[in-house]
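Trainee: Here's a structure for you.
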Amino acid sequence: MRLILAIVLGKFIAYFTKLLKIGGGSAAPGLYALKICPSLVEQLSKHIPKNVVITGTNGKTTTAKMLAHFAESSGLKVIRNHTGSNLERGIASTLIANYQLLTTNYQLGIWELDEAAFNSVVPKLNPDVIVFLNIFRDQLDRYGEINTVLKNWQETLKKLPTETKIIINGDDANLLKLVAGFKGKVQKFGVKDFKIEGEDIVHKKEQRYLDFEAKNVKLDGLNSSNFYLQTTNYQLPTTLPLPGIYHIYDALAAFACASNLELPIHQFTNSLTHYKPAFGRVEKFDWGYIFLIKNPAGATQVFETIAPNIKSNDTLLLALNDNLADGTDVSWIWDAVFEKLLTPSLRAPAKQSQSRLPRRSAPRNDVIVSGSRAYDLAVRLKYAGFDPETITVESDLQNAFKQARGGLQGKLFILPTYTAMMELQSILTKTGVKKHYWEEK
Amino acid sequence: MHLTIGYLYGDLMNIYGDTGNIIALQKRAGWRGIAIEIKIKNQKSKIKKGECDLFFFGGGQDQAQELVAKDLGESGKGKVVKQEVERGVPLLAICGGYQLLGDYYQPFGLPSKDGKPHSGPKLHGNGLFPAYTLASHDRMIGNIVIESMFGKLVGFENHSGKTYLKKDAVPLGMVKKGWGNNGKDRTEGCIYKNAIGCYMHGSLLPKNPKLADWLLQKALEVKYGKEIKLTPLDDSLELKAHEMVVKKFG
């Protein structure tokens, strides 16, 4: 009875938030429904034959989307929290929205879970497969220290049935330690000759066994990467339409999951050619790109990926907010290696503030910083070696975007934190550049 | 001119962007033509007297903090750092670093028979700051603004340890917004000679350039034995970032 009441209330809230255009109904319906029926996720998710949980600091949304894309192209009906609302309320909202179809329609649930929500939600979902992507420092004001996150994960793992299939990033030493005590099956994925060290993915030759491995990696600028996907039985030449090593890990994770779900994995590579990135995760437009940045490791990987591709007439727009979902502590920007974003045309002239010489006339990139903590970001860039004279501060994101688009000669690289990215999505929608994100599939 | 910065346990004690303080010192010296060498002093490494002209000690994870507390005593580094501060060498310690340079840090440990909450073994500090810290269950998180001899200072605190200053200890400043040392007496941090300990991440120095320059100036004065006047820099961005925090949270 409570369950039905909760579902009705959830649906009611979802209807009104959409009607009033105050949101996509990805969190609020679940939040209130859970107050009425705390076991809602447990009761509804058991109608779905197979469930996969994806967690980790970076890459959850991309991995989930890639797996969903492949499962769907293999003919499965997939349900997932696809707007990135990765707390219990997000999952509850998705389940409520699809309630009528739940018992008959879906074959696979793909759930991305926030590092902390993982521990409370996994026992309720009782997933068949769990993927751990990586563990980096992220929003210490919210999640606490890495050791705390790992300790809690370990406790959760202990309570799982041994049939649960665990897939981990085998290049992450913290995750190897995490699963050491798990009695069931553990599979590892990784990139040959790469390894995660602290906050960085580094080039390193090392002998270790991986169940799913990317070999002969060749990166092709901002377009794609090429590699061989090696398993015990297959070696698949793969083109991933996303840049950077970090996305290869996401693709491997999706592939490893697919393999455990007994999907036709020899078609995985083919399905990737039609993959479209999740919003804000390397979103491409004819005028530029959006790369979400949200923690030191993820941001640094983005810098490494884009820096070689920034031309001297391109413009950068970086936006830093300090809302709850971004982390209220902006100290993390000092752990992100903005120095790696510094291309020659962004560098401050040698004798900075004391120089009386005429400024050199070489082409300079425009850098616009925005968001509620725009000045913090401007200071970070200055101390990373950027020329302060090329930095414009415009705290209002809409104005910053307008300004950036206005004088644009080359491409525009937008690097927003989470809530700035959401705000940007609505600006893009308002200005007719794209549809509402919750209308995206 | 050149300076050597001793970065205490830079491998273990570097969370919450504390490395930004090193970046700020390095850049602000560099812009004035002062060369900076950073020496990371990890476990088991030694510090010679006169080797470092300025010390920095950041925060770390709980586990790291135990290792560091032990090493600080055993390697003799704690003692040398204290002697160096006595002769005027400046130091900045944030959060965990600040706690470990007090008398002691008292964790909870297992519940004791007499019902006292703090029964774990004390992590002894080197007693540089006349202060001690007790573990608590309150997580003190948020933007912090204090009034100090450097004017207003802004940062972000994230700690559960509560630090209490002993009699005659001088706080770095008084809290305008936030918790500070213990959330009760409105004090934040501690200043002893040219050594400063506090809970302010942020990073602290980039947004508080006056404090960064004070540390550099003291380091140069002690090293070269004369009065130093630093060339002023264009700090307009830094000061705007500072003002923004004061306006939004102060």
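Just so it is clear, none of the values below were taken in a lab; they were calculated from the coordinates. All of these numbers come straight from a predicted model, not from anything done at the bench. Don't worry about glycine lacking a Cβ; one is built from the backbone with ideal geometry, like all the others, and counts go over all protein chains shown.
Trainee: Would you report the distance distribution of C-alpha pairs in the protein assembly as shown as whole percents per 20 angstrom bin, up to the bin with the largest distance?
Mentor: 17, 48, 31, 4, 0
Trainee: Here's something else I'd like to know. Counting only DSSP beta bridges with both residues in segment A:146-296, what percent are antiparallel, rounded to the nearest 5?
Mentor: Roughly 70 percent of the beta bridges in segment A:146-296 run antiparallel, per DSSP.
Trainee: Of all beta bridges DSSP finds with both residues in the protein assembly as shown, what is the antiparallel percent, to the nearest 5?
Mentor: Given both bridge residues lie in the protein assembly as shown, the antiparallel proportion sits at roughly 45 percent.
Trainee: With only alpha-carbon atoms counted, please give the Rg and Dmax of chain B, in Å.
Mentor: For chain B, the Cα-based Rg and Dmax read 17.4, 61 Å.
Trainee: Pairs of Cα atoms under 8 Å, at least six residues apart: use those to get the relative contact order of segment A:2-272, whole percent.
Mentor: Rounded, it is 17 percent for segment A:2-272.
Trainee: Set the Förster distance to 22 Å, then compute FRET efficiency between residue A:433 and residue A:345 from the Cβ-Cβ distance, nearest 0.05.
Mentor: Efficiency, from the Cβ-Cβ distance: 0.25.
Trainee: Here's another thing I want to ask about it. In nm, to one decimal, how far is the residue B:124 label point from the residue A:323 one, both placed 7 Å along Cα→Cβ?
Mentor: So the label points at residue B:124 and residue A:323 sit 5.1 nm apart.
Trainee: Grab the alpha carbons of segment A:47-172, take their convex hull, and tell me the volume per residue in Å³.
Mentor: In segment A:47-172, the Cα convex hull volume per residue is 108 Å³.
Trainee: Further question: If r is the Cβ-Cβ distance from residue A:309 to residue A:151 and R0 is 56 Å, what FRET efficiency results, to the nearest 0.05?
Mentor: 0.90
Trainee: Say R0 is 56 Å: what FRET efficiency, to the nearest 0.05, do residue B:170 and residue A:180 get from their beta-carbon distance?
Mentor: 0.70
Trainee: Could you give the nm distance between label points at residue A:236 and residue A:274, where each point is 7 Å from its Cα heading toward the beta carbon?
Mentor: 1.5
Trainee: What percent does the relative contact order of segment A:281-439 come to when contacts are Cα pairs within less than 8 Å and at least six residues apart?
Mentor: For segment A:281-439, the relative contact order is 35 percent.
Trainee: Nearest 500 deg cm²/dmol is fine: what mean residue ellipticity at 222 nm does chain B get from its DSSP H runs of n ≥ 4 alone, each adding -39,500 (n - 2.57), divided by its residue count?
Mentor: Mean residue ellipticity, 222 nm, calculated: -9000 deg cm²/dmol.
Trainee: Let me ask something additional. How large is the Rg to Rh ratio of segment B:90-192 when both quantities use alpha carbon positions and Rh follows Kirkwood?
Mentor: Using Cα coordinates only, the ratio equals 0.98.
Trainee: Which of the peptides A:221-231, B:150-160 is most tightly packed, and how do the rest follow, judged by the mean count of other Cβ atoms within 10 Å per residue?
Mentor: Sorting A:221-231, B:150-160 by mean packing, highest first, produces B:150-160, A:221-231.
Trainee: Would you work out which of A:223, A:410, A:260 lies farthest towards the positive end of the dipole of the protein assembly as shown? Charges go on Cβ: Lys and Arg +1, Asp and Glu -1.
Mentor: Comparing the listed Cα positions along the dipole, A:410 ranks first.
Trainee: Additional query: Where the eigenvalues come from the Cα gyration tensor of segment A:281-439, what are the semi-axes √(5λ) of the equivalent ellipsoid, largest first, in whole Å?
Mentor: 25, 18, 14
Trainee: Could you tell me the largest-minus-smallest coordinate of the C-alpha atoms of segment A:2-272 on each of the three principal axes, in descending order and whole angstroms?
Mentor: Result, largest extent first: 56, 38, 35 Å.
Trainee: For segment B:1-128, what does the alpha-carbon gyration tensor say about shape, rounded, prolate or oblate, given a ≥ b ≥ c as the root eigenvalues, a/c under 1.5 as rounded, and a/b over b/c as prolate?
Mentor: Taking the square roots of the gyration eigenvalues as a ≥ b ≥ c, segment B:1-128 is prolate.
Trainee: Need one number: % antiparallel among DSSP beta bridges in chain B, to the nearest 5.
Mentor: Antiparallel: roughly 55 percent of the beta bridges in chain B.
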